[in-house]
Amino acid sequence: SSRQLRRVVKREYGATPVELAQTQRLLLAKRLLTDSALPMAEVAFASGFSSVRRFNALFRSRYRLNPTQLRRRKSGHTADAGSFTLTLDYRPPLQWDALVSFLAARAIPGVEVVRGQRYLRSVSQAGHRGWIAVAPHPHAAAALEVEVSLSLAPALMPLLGRIRDLFDLDAEPHVIDAHLAAGPLLRGSVVRRPGLRVPGAMDGFELALRAVLGQQVSVRGASTLAGRIAERFGDPFPAGIEGISRYPVSPGALAEAGPDRIAEVGLPRARAQSIARLATTAAAGSLPLEPGADVEATVGLLEELPGIGPWTAQYIAMRSLHWPDAFPSSDLGLRKALGGAPASR
């Protein structure tokens, strides 16, 4: 019950759920005040407050100063007309090179691009569109620097959650590594690459689509097909970022297109029908593909769709739903790494 939840949270953290939520909003507001040139009203709404008046009142009661005073204390602040930058912390170590290499190999042409250690992509989040760029922070240890277009400020709180999921920033590597290293099969790998993360997804449907496209083809082949779908069915992205020309394809766009048009990108008819059914189900709102969804129910719904078996459903659960217990046991890459069959993905 809600009463039991409040009681448990209060006992564990010494604060109510509402107080914890207010603290998170205030912390995000402080970062925006010092690290961006967003107008005060946009800072309030981007931080999750429903009104500027409520934002100002809570800020004064917690910090004994108003938001404008905090911004004035920040020296050397310069405005950027198109974006602002934030810092996301994580628990070290983090194998950034391995993580960004994985994403680069699977990047959707026109939607995602990796330049050196910097990951860039277009984003559609909560009805708002824009772009992000993520890279290791140049001055802070155990942190990433995230540049966000101003157009995404109203959706900032859910957007930051998605970014943390994409790079698995909430993982506890020491706990994970200690557990995996307990077995002789993985001990050597953990020692060689501590802090290896499980990439999540910025867009659950995009990841599910990419997983279906990846069946029985190479990683490069799946990326090529995903790029063709983005080019044909994705909305144009305004010029300005080299390598990005499309927004992520929405399930509604593919559902409207139907299997015949989808197949024109070079897909077998059966695969196009599978994608069309996936898109139609997602567009109807009956297939949640984001963290927090009922995992067993979602996996069951996925496996009921034509062309989606246990491997694909588990892979989607692992990355889209960010489910730590997902296990695509038939994955050829895993089998190769464990000394089994060769991989084609």
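The values are calculated or read from the model by the stated rules, or taken from the named source; none is laboratory data. Keep in mind that this is a model prediction, so the values were computed, not measured. Every residue, glycine as well, gets a Cβ built from its backbone with ideal geometry; the counts of neighbours run over all protein chains shown. Ligands, DNA and RNA are stripped out before the accessible areas are found, and what is left, the full protein with its side chains, is counted by its heavy atoms. Shrake-Rupley method; radii C 1.70, N 1.55, O 1.52, S 1.80 Å.
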For the stretch 219-326, take every pair of Cα atoms, bin their distances at 5 Å starting from 0, and report each bin as a whole percent. 2, 12, 19, 22, 21, 15, 7, 2, 0
Tensor-based shape of the stretch 1-108 (alpha-carbon gyration tensor, a/c under 1.5 rounded, otherwise prolate or oblate): oblate
In degrees between 0 and 90, to the nearest 10, how far off the longest principal axis of the chain does helix 17-35 point, with axes built from Cα atoms? 80 degrees
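When the convex hull of the Cα atoms of the chain is projected onto a plane and the area is averaged over all directions, what value comes out in nm²?
Working: hull surface 78.9 nm².
Averaged projected hull area, Cα only: 19.7 nm².
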Probe of 1.4 angstrom, ligands and nucleic acids ignored: what's the accessible area per residue over the stretch 1-139, in square angstrom? 56 Å²
Phi-based couplings in Hz for the stretch 235-240 (Karplus 6.51, -1.76, 1.60; Gly and Pro marked x): 6, x, 9, x, 4, x
Amide H neighbours of SER83 under 5 Å, counting only residues 5+ apart in sequence or on other chains, H built in-plane at 1.01 Å? LEU150
Averaged over all viewing directions, the convex hull of the alpha carbons in the stretch 103-192 casts a projected area in nm² of 7.7 nm²
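Okay, helix-only estimate at 222 nm for the chain: each DSSP H run of n ≥ 4 adds -39500 (n - 2.57), divide by all residues, round to 500 deg cm²/dmol; what do you get?
Rounded to the nearest 500, the figure is -15000 deg cm²/dmol.
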Net charge of Cβ neighbours under 11 Å - reference PRO93; Lys, Arg +1; Asp, Glu -1: +2
With x for Gly and Pro, the residue-by-residue ³J(HN,Hα) of the stretch 317-325, computed from phi through the Karplus equation 6.51 cos²θ - 1.76 cosθ + 1.60 at θ = phi - 60° and given in whole Hz, is 5, 5, 9, 6, 8, 6, 8, x, 9
Accessible surface of VAL191 in the full protein assembly, 1.4 angstrom probe, to the nearest 10 Å²? 110 Å²
Just the accessible area per residue of the stretch 198-345, please: how many Å² with a 1.4 Å probe? 47 Å²
What is the helix-to-structure angle for 96-105, meaning the angle in degrees between its Cα long axis and the longest Cα principal axis of the chain, kept from 0 to 90 and rounded to the nearest 10? 50 degrees
Leaving out ligands, DNA and RNA, what percent of the accessible area of the chain is carbon and sulfur, probe 1.4 Å? 53 percent
Arrange the peptides 299-308, 243-252 so that the one whose residues have, on average, the most other Cβ atoms within 10 Å appears first. 243-252, 299-308
With Cα coordinates, the longest principal axis of the chain makes an angle with the long axis of helix 52-63, in degrees rounded to 10, of 70 degrees
